[in-house]
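Before any comments, here is the structure.
The values are calculated or read from the model by the stated rules, or taken from the named source; none is laboratory data. Computed from a prediction, not measured in an experiment: that's the story for all the values here. No Cβ is skipped: glycine too gets one built from the backbone with ideal geometry, and neighbour counts run over all protein chains shown. SASA here: full protein model, heavy atoms, side chains in, ligands and nucleic acids out. Shrake-Rupley method; radii C 1.70, N 1.55, O 1.52, S 1.80 Å.
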Amino acid sequence: MLDLHRLRVLCEVAQQGSMLGAARTMSYSQPAVSHHISRLEAEVGTPLVVRHGRGVRLTEAGSALVAHASTALARLADAEEEIAAIVGLRAGRVRVAAFPTATAAFLPDALAALATSAPGVVATLQEAEPPEALAALYRGDIDLAVVFGYDQAADAAAGFELVHLFAEEIFIAVPAGHPAAADTTPVRLADLATSPWVAGCTRCRTHLVDACARAGVRPRLAYTTDDHLAVQRLVSRGLAVAALPALAFALHHEPGVVRRQAPELGPRRVAALVATAPRSPATTAMLAELVHATRQRYQGSLL
């Protein structure tokens with residue numbers, strides 16, 4: 001491997017036409033320049049310059065090496081500039097995956113803030129439920145995953161840092177004409193044993209079924225949809241009851257739907273997952289904007 005610094009010296013000698021000229025522009029002594037050229041000639045095994053009057057001229061080998069060295073040094077300079085831009089958030093990318101209500105609720109605020117603070121960073125967003133987002137993070141397809149969990153904030157994994165964003169209450173949504181709608185006390189899951197349910201993603205359905213099992217009932221899952229708007233529409237038409245997080249109601253509250261507290265369901269915790277290290281400056285900046293956006297909007301909790 002040829003020494004890059006000596007290649008720079010050779011290119012400067014070629015440009016200046018003399019050892020002395022190269023020494024002046026590089027703030028070296030002339031003997032230091034001669035020493036670098038001699039070492040480089042020893043590395044390649046052939047003379048690179050010959051004395052010509054008060055200056056020097058390149059040999060055929062020297063000309064060939066300068067041509068390639070100039071290209072290599074230019075590419076290296078481009079790389080250094082690109083890295084400096086990434087570190088300074090004048091460039092770079094961050095790929096985010098998040099579950100549906102997050103993409104509608106607070107991701108737009110965080111992405112807009114990043115676009116303002118780091119306009120050179122390219123950010124992308126894809127919708128994915130937590131298991132799919134975590135798998136994409138493992139594969140390296142994304143840089144940051146916004147996830148949720150119930151008993152635990154998320155599926156923590158080796159090599160990834162889990163950053164808590166906020167916790168939110170899970171409510172029971174019932175039609176306005178439902179017997180539970182007029183009651184002001186928290187609803188009990190056992191009281192809904194005969195009601196049909198509309199359930200969401202696999203993780204949400206599992207949590208609902210487990211909570212009902214602890215209450216001694218088995219929910220009758222009549223409808224399944226990941227669309228929280230569709231869930232509320234089904235409830236408003238008197239077709240079912242549902243468990244919905246506070247975030248869904250913050251985005252939309254359908255007329256004809258009554259929101260009831262249900263302590264047996266517990267809270268839902270929302271978090272971000274990112275690589276522990278190395279982490280790009282763009283990813284670090286995106287995480288900071290996410291934390292700021294959620295703390296500002298939800299103050300750490302929707303309980």
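So which residues in the stretch 237-250 are surrounded by fewer than 18 Cβ atoms within 10 Å (Cβ to Cβ) and either at pLDDT 95 or above or not in a helix (DSSP H, G or I) (or both)? Walk me through how you get there before you give the answer.
First, pick out the residues of the stretch 237-250 that are surrounded by fewer than 18 Cβ atoms within 10 Å (Cβ to Cβ): 237-239, 250.
Passing the criteria: 237, 238, 239.
For the stretch 113-150, how many residues meet the condition of being surrounded by 17 or more Cβ atoms within 10 Å (Cβ to Cβ), β-branched (Val, Ile, Thr) and closer than 16 Å to residue 98 by Cα?
3
Results for (1) in a strand (DSSP E or B); (2) of a type in the set (Ser, Thr, Tyr); (3) under 30 Å from residue 260 (Cα atoms), shown as yes or no for each residue.
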residue	(1), (2), (3)
95	yes, no, no
115	no, no, no
126	yes, no, no
133	no, no, no
137	no, no, no
142	no, no, no
161	yes, no, no
169	yes, no, yes
173	yes, no, yes
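Do the conditions hold for residue 12, that is, is it of a type in the set (Asp, Glu), in contact (Cβ under 8 Å) with a residue 12 or more places away in the chain, surrounded by 12 or more Cβ atoms within 10 Å (Cβ to Cβ) and in a helix (DSSP H, G or I)?
Details: of a type in the set (Asp, Glu): yes; in contact (Cβ under 8 Å) with a residue 12 or more places away in the chain: yes; surrounded by 12 or more Cβ atoms within 10 Å (Cβ to Cβ): yes; in a helix (DSSP H, G or I): yes.
Judged against the criteria, residue 12 is a match.
Would a scan of the stretch 200-222 turn up a residue that is of a type in the set (S, T, N, Q), open to solvent by 50 Å² or more (accessible area, probe 1.4 Å), over 30 Å from residue 293 (Cβ atoms) and modelled with pLDDT under 95?
Looking through the stretch 200-222, none of the residues is of a type in the set (S, T, N, Q), open to solvent by 50 Å² or more (accessible area, probe 1.4 Å), over 30 Å from residue 293 (Cβ atoms) and modelled with pLDDT under 95.
Taking into account only those residues within the stretch 67-76 that are surrounded by 12 or more Cβ atoms within 10 Å (Cβ to Cβ) and modelled with pLDDT under 85, which is farthest from residue 16 (Cα to Cα)?
76
Quickly run through the stretch 28-49 and pick out the residues that are free of Cβ contacts under 8 Å to residues at least 24 places away in the same chain and either touching a Pro at 6+ places or on another chain (Cβ under 8 Å) or open to solvent by 50 Å² or more (accessible area, probe 1.4 Å) (or both). So that I can check it myself, show each step before the final result.
Of the stretch 28-49, the ones free of Cβ contacts under 8 Å to residues at least 24 places away in the same chain are 28-32, 34-35, 38, 41-42, 45-47.
Hits for the stretch 28-49 are 28, 29, 30, 31, 35, 38, 41, 42, 45, 46, 47.
Here are some conditions: (1) touching a residue at least 12 places away in the same chain (Cβ under 8 Å); (2) part of a helix (DSSP H, G or I); (3) open to solvent by 70 Å² or more (accessible area, probe 1.4 Å). Residue 253 meets all but one. Which one does it not meet?
(2)
Out of the residues in the stretch 262-303 meeting the condition of being in contact with a strand residue (DSSP E or B) (Cβ under 9 Å, 6 or more places away or on another chain), surrounded by 21 or more Cβ atoms within 10 Å (Cβ to Cβ) and of a type outside the set (A, V, I, L, M, F, W, C), tell me which one is modelled with the lowest pLDDT.
So the residue we want is 283.
Quickly run through the stretch 167-191 and pick out the residues that are surrounded by 15 or more Cβ atoms within 10 Å (Cβ to Cβ) and within 40 Å of the chain's Cα centre (by Cα).
Across the stretch 167-191, the qualifying residues are 167, 168, 169, 170, 171, 172, 173, 174, 175, 187, 188, 189.
Please go through the stretch 195-228 and give me each residue that is farther than 20 Å from residue 148 by Cα and of a type in the set (Gly, Ala, Ser), ordered by number.
195, 213, 215, 216, 222
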